[in-house]
1. Out of residues 5 or more away from Gly208 or on other chains, whose amide H comes under 5 Å of its own, with H placed 1.01 Å from N in the peptide plane?
2. Quote the FRET efficiency, to the nearest 0.05, computed for Phe180 versus Asp308 with a Förster distance R0 of 35 Å and r equal to the Cβ-Cβ distance.
3. Using only Cα atoms, locate the centre of segment 269-293 and the centre of segment 384-404, then give the distance between them in Å, rounded to an integer.
4. Only helical DSSP H runs with n ≥ 4 go in: add -39500 (n - 2.57) per run for the chain, normalise by residue count and round the 222 nm mean residue ellipticity to 500 deg cm²/dmol.
5. Mind jotting down a quarter of the surface of the convex hull over the alpha carbons of the chain, in square nanometres, one decimal?
6. If one computes the Cα centroid of segment 141-208 and of segment 1-80, what distance in Å separates the two points?
7. In a shell of Cβ-Cβ distance under 13 Å around Val272, excluding Val272 itself, what net charge do Lys and Arg (+1) and Asp and Glu (-1) give?
8. Give me the percent relative contact order of the chain, please, defined on Cα pairs under 8 angstrom at least 6 residues apart.
Amino acid sequence: MSTSLKDSVTVRRLRGRVGETVTLRGWVAGKRSSGKIAFVQFRDGTGTVQAVAAKSDVSAEAWADLERATQESTVTLTGTVKEDKRSPSGVELGLSDFRVEFLTQDFPITPKDHGTAFLMENRHLWLRSSRQRAALRVRSEVEQGIHDFFHDRDFVRIDSPILTPAACEGTSTLFETDYFGDKAYLSQSGQLYLEPAISAFGRVYCFGPTFRAEKSKTRRHLMEFWMVEPEVAFLEFDGLCDLAEEFVCELVARVLDRCAEDLKVLERDTAVLEKVVPPFPRITYSEAIERLNAKGNPIVWGDDFGADEETLVSADFDQPLMVSRFPTAFKAFYMQPDPENPKVVLGLDIIAPEGYGEIIGGSQRIHDHDFLLQRIREHDLPVEAFQWYLDVRKYGSCPHAGFGMGLERFVAWMCKLDHLRETIPYPRMLYKIYP
Ligand code: 4AD
Ligand code: MG
């Protein structure tokens with residue numbers, strides 16, 4: 001028998017094995033027994049299936065183990081795969097053998113309601129719950145979708161460093177660490193390292209953990225989150241908007257196509273996601289201010305959006321909303337001003353519907369050396385630390401653009417989760433770093 005995991009038997013693949021007898025190892029998710037017949041909810045990680053045994057069908061040892069098995073006990077079972085149209089897995093197992101390998105006692109997370117604080121303390125165990133598994137499967141599928149999207153378009157993946165000598169997205173949210181007597185910071189974005197790579201590969205992206213010391217306790221912020229960032233040579237602002245739109249649409253379609261069961265577990269209304277097709281509405285920051293004022297929000301031109309403004313301005317749309325041309329004054333130093341109105345930059349934010357806020361932020365970059373140098377000085381950034389970044393504009397400079405998407409925000413929207421903490425295996429939040 002082959003030992004390759006590629007074609008081994010798993011719960012997920014039982015549908016294609018009706019009539020066969022299979023042996024599986026995993027855990028007891030739940031159990032009930034009448035004394036004559038036992039029903040075990042068996043989980044192997046790939047899925048859950050009901051396994052049924054009558055006392056008369058199995059040995060005395062197997063029946064004794066069925067009786068003593070508890071929630072989250074480790075078990076090995078053997079049974080025949082039977083079609084069962086009523087069950088979500090489409091099959092049921094008729095048991096012929098059942099062994100408890102490890103008897104678990106008092107698993108802390110039971111089917112009753114637990115408070116969030118308790119569940120977060122037990123995140124390492126909470127991962128086994130069906131909703132958590134569904135959300136993390138969606139995350140994993142989106143991650144694969146991201147790689148496939150860029151691979152299909154000839155991008156090269158550039159792994160940007162996590163320890164960096166300088167800030168990318170403002171100095172107020174830096175995690176500082178000691179680097180052999182020098183200061184180093186955990187990366188806020190890989191963008192600055194991608195820009196030199198476009199002159200080597202044309203189209204590049206990075207995808208990895210990103211750190212922001214955000215002293216804010218909101219459901220939309222994590223201290224450590226994953227960001228995917230494409231950067232493309234010769235791509236200008238309109239092309240950037242098209243790329244971001246295509247990216248979001250392809251990922252949503254992939255989740256709908258491949259995560260149907262997980263979305264069902266999460267009770268996600270998929271009709272809303274099916275509407276996510278091009279073209280997305282596109283408005284400018286100035287138009288957004290007018291819309292907000294018309295709705296009674298007091299924001300004035302020049303103020304940045306907060307979560308309330310994002311939610312309010314996007315409420316009129318059931319598609320992601322593209323907002324562009326923000327005031328130069330509050331955006332990052334590297335953003336290219338609009339040639340028709342230098343008070344605004346060629347920056348793009350995409351705000352997800354249903355109150356999920358900004359999922360994408362990007363821009364066309366300044367590609368003129370002297371102008372970028374001036375901006376670095378205006379922002380009081382240390383010029384020496386950016387010398388290498390300025391080199392991109394010294395040798396074979398070209399117009400270019402890119403964006404960053406926060407994976408957790410996207411996954412929260414897909415799964416309609418209230419808080420980012422459930423979209424990442426081990427969330428890092430304000431003052432919370434256990435487990
Ligand atoms: O808008 P941001 O700050 O953009 C950048 O970092 C650019 N350098 C990206 C680029 O152009 N290559 O962050 C991008 C996205 C946001 O739209 C949001 O989805 C996510 O990253 N994000 C966060 N997600 C979770 N927790 C936080 N604290 C986040 N901060 C940003
Ligand atoms: Mg942003």
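1. Correct list: Met227.
2. Values: r = 44 Å, r/R0 = 1.25.
Computed FRET efficiency for Phe180 and Asp308: 0.20.
3. Using only Cα atoms to place each centre, the spacing works out to 32 Å.
4. Working: 13 runs with 128 residues, N = 435.
Using -39500 (n - 2.57) per qualifying helix, the result is -8500 deg cm²/dmol.
5. Convex hull of Cα atoms, orientation-averaged projection: 25.5 nm².
6. 45 Å
7. Values: positive: Arg268, Lys275, Lys416; negative: Glu267, Asp269, Glu274, Asp318, Glu354.
Result for the local shell: -2.
8. Numbers: 804 pairs, mean separation 58.7, N = 435.
Relative contact order comes out at 13 percent.
We did not get these values from a lab; they are worked out from the coordinates using the rules stated. On a predicted model such as this, the values are computed, not experimentally measured, just so you know. Quick reminder, even Gly has a Cβ in these numbers, built from the backbone with ideal geometry, and neighbours come from all protein chains shown.
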